[in-house]
Amino acid sequence: MARNIQSLERAAAMLRLLGGGERRLGLSDIASSLGLAKGTAHGILRTLQQEGFVEQDAASGRYQLGAELLRLGTTYLDVHELRARALVWTDDLARSSGESVYLGVLHQHGVLIVHHVFRPDDSRQVLEVGAMQPLHSTALGKVLSAYDPVAHSEVVEAERKEFTARTISELDALEDVLDLTRARGYAADVEETWEGIASVAAPIHDRRRMPVGAVAVTGAVERVCADGELRAGLIAAVRDCARAVSRDLGAGWY
């Protein structure tokens, strides 16, 4: 029988320890819990930190699970399952809002559109499944950047292009927008990416409370907004749709 690799077993035990109970632990706590010498525990933690699987809080020195591990943890949720769970709800949202509906996920430093429901009228429209949208200026991208630590890291490090005069590209101002997004549970894009177009988006979570995507309604500013503000009924409808999809994915806390 092949022998297990001890260092990998210890690293796995360390990740399980950080993933349960208290989210942040000090070096002494980790070493004691796993029966390791401090030097051995520190070496494993340093390697995990370099790979992005563990992060160290600068103020307390304690360790917690890193963004890269969170990203790997969400890959089990197939995009097709997310789309399948969202089909009925996004169709209903398009009908009730009278606007186009998009389902997006984080992909290659941007938002990948995995489902698109046409605006329910006779106008000529182009299917945008497979299109990419920027993280910093779109409602979908801002929602993902607010709730997903990997998306947040990417939007911070990326070049933030100014698409219109309204695009928020300065980091401090964008961080304020992301804080506001988390506080109110939705994001807006009013002519920040395309002139004359506005959008509102809300996050979709799975049963582990992990953000796995976002849903948005997009349309002409004069229909999506009233007196310069997003229509309250539209915001509520988008949030209700996101909650419904999240519940279908097992997020019973909604």
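The values are calculated or read from the model by the stated rules, or taken from the named source; none is laboratory data. None of the values given here were measured: they were computed from a predicted structure. Positions of Cβ are backbone-derived with ideal geometry, glycine not excepted, and every protein chain shown enters the neighbour counts. To get the accessible areas, we keep the full protein, side chains included, count just its heavy atoms, and leave off ligands, DNA and RNA. Shrake-Rupley method; radii C 1.70, N 1.55, O 1.52, S 1.80 Å.
Please list the non-local residues whose amide H lies under 5 Å from the amide H of GLY213, H modeled 1.01 Å from N, same-chain partners needing a gap of 5 or more.
ILE204
Give the carbon-plus-sulfur fraction of the accessible surface of the chain in %, rounded to a whole number; probe 1.4 Å, heavy atoms of protein chains only.
Carbon and sulfur atoms account for 50 percent of the accessible area of the chain.
If I compute percent of Cα pairs over 21 Å apart from the structure I just sent, which labelled value in (1) 56; (2) 65; (3) 61 lines up?
Matching entry in (1) 56; (2) 65; (3) 61: (3).
Just to check I understand the Karplus step: with θ = phi - 60° and J = 6.51 cos²θ - 1.76 cosθ + 1.60, what whole-Hz values come out for the range 237-243, glycine and proline as x?
5, 5, 5, 5, 4, 4, 5
Please work out the average accessible area per residue across the range 111-213, using the 1.4 Å probe convention, and give it in Å².
Details: 4800 Å² over 103 residues.
Value for the range 111-213: 47 Å² per residue.
Highest mean first, what order results for 51-58, 118-125, 217-224 on Cβ atoms within 10 Å? Spell out each step's value before the answer.
Values: 51-58: 15.4, 118-125: 10.6, 217-224: 18.9.
Sorting 51-58, 118-125, 217-224 by mean packing, highest first, produces 217-224, 51-58, 118-125.
Hey, for a label at GLU175 modelled as a point 7 Å past Cα toward Cβ, could you say which residues of the range 127-155 have their backbone N under 19 Å away?
Answer for this model: 135-137, 142-155.
Calculate the FRET efficiency for VAL156 and TRP194 from the Cβ-Cβ distance with a Förster distance of 25 Å, rounded to the nearest 0.05.
0.60
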